[in-house]
1. Can you list the HN-Hα couplings for the stretch 57-63, worked out from phi with the Karplus curve (6.51, -1.76, 1.60; θ = phi - 60°), rounded to whole Hz and with x for Gly and Pro?
2. Considering only protein heavy atoms and a probe of 1.4 Å, how much of the accessible area of the stretch 1-115 is carbon and sulfur, as a whole percent?
3. Can you send over the solvent-accessible area of Arg69, 1.4 Å probe, protein chains only, in Å² to the nearest 10?
4. With n ≥ 4 as the cut-off for DSSP H runs, can you work out [θ] at 222 nm for the chain, using -39500 (n - 2.57) per run divided by the number of residues, rounded to the nearest 500?
5. Using a 1.4 angstrom probe, figure out how much accessible area the chain has per residue, in square angstrom, rounded to the nearest whole.
6. Taking a cut-off of 28 Å between Cα atoms, list the lysines near Lys24, but don't count ones fewer than 8 places away on the same chain.
Amino acid sequence: MVNTNLFELILHIVTIFVFIFLLKKYFYNPMRKYIENRAQKIELDYNNAEILNIESEVALSFALEEMERVKVESKTLIENILISSQIEKQIIIEQTESKINDILQSGIQNLSNEINIAKKELKAEIADITVDIANELVKKR
């Protein structure tokens, strides 16, 4: 009876080793390879995510710098436009004042000429009236 138990024990041990061998060959090794591949893929994805994060930070930094540059340029452009418009405004005001002064001087000159003509005409009329009055007085005497 000891023999049969020994045989069964050896058979169980051999069966267990065969079972372990089969499990290792068909289950453990493929599972280990799958887990290693999955770990490598996860690590690659993580590294890619870090690279993308760094790239996005660089792009954000560049965009912020560009936005700041555009802001400064637009502010400078607005200031230049305001200065230019002030200069144009001043030039237009000076030209308008010059034209007004020219028109005023021309008006004064015309008025002065009209007054001189009127004075001459008035003197001529006064002279004529005086002569007429003198003739009348002479005729009456």
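1. 5, 5, 5, 5, 4, 4, 5
2. Here carbon and sulfur together make up 67 percent of the probe-accessible area.
3. The value for Arg69 is about 100 Å².
4. Per the formula, -36000 deg cm²/dmol.
5. 94
6. List returned: Lys33, Lys41.
The values are calculated or read from the model by the stated rules, or taken from the named source; none is laboratory data. Since we're looking at a predicted model, the values are computed, not measured. Protein only, heavy atoms only, side chains kept; ligands, DNA and RNA dropped before computing areas. Shrake-Rupley method; radii C 1.70, N 1.55, O 1.52, S 1.80 Å.
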